[in-house]
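This report refers to the structure that appears directly beneath it.
The numbers here are math on the coordinates, done by the rules we state, and not lab data. The model shown is predicted, which means the values in this text are computed figures rather than measured ones. We place every Cβ from the backbone using ideal geometry, glycine too, and count neighbours over all the protein chains shown.
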Amino acid sequence: TTGGSYSAASGCKPAICWWTALTNNQTKESERLTSRALFIMIGAAPNTTWLGGHCSLDEKGFIETGLDTGGRSPFETSCAGIFAIGDVRSGSVKRVASAVGEGSVVVSAVHQHIAGLQPEAAE
């Protein structure tokens, strides 16, 4: 297990690994490890600065969603019509399968929001 900012290279092909090299991106120090498998977890730091403070973030910079933040559904943010799912959402479990599930659930809320933006048809 490593923390911080590392780059990884490996001698792997499907179903087998021989080695993994980790390079510290700050010190450029590199270490080559014998390994049989490689698991990489990314996404622990949110990239939410592009929101420019428009939507509510938690103390770590993850996007807050749900009724408590002014959203009308569990995945709507404090900005009407902006939805957040997956790693960037505050309180998420930071796993791909969860993000996929959240994405499938939020589709109906997005459709409802878009339908509310449509002008009423002339009678």
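Excluding residue 63 itself, what net charge comes from residues whose Cβ is under 11 Å from its Cβ, given Lys and Arg +1 and Asp and Glu -1?
Once all neighbours under 11 Å are counted, the net charge is -2.
Among residues other than residue 113 whose Cβ falls under 13 Å from its Cβ, what is the net charge (Lys/Arg +1, Asp/Glu -1)? Each step should come with its number before you reach the end.
Working: positive: 72; negative: 76.
Net local charge, residue 113 excluded: 0.
Let me have the relative contact order for the stretch 41-119, percent, based on Cα pairs under 8 Å that are six or more residues apart.
Relative contact order, the stretch 41-119: 21 percent.
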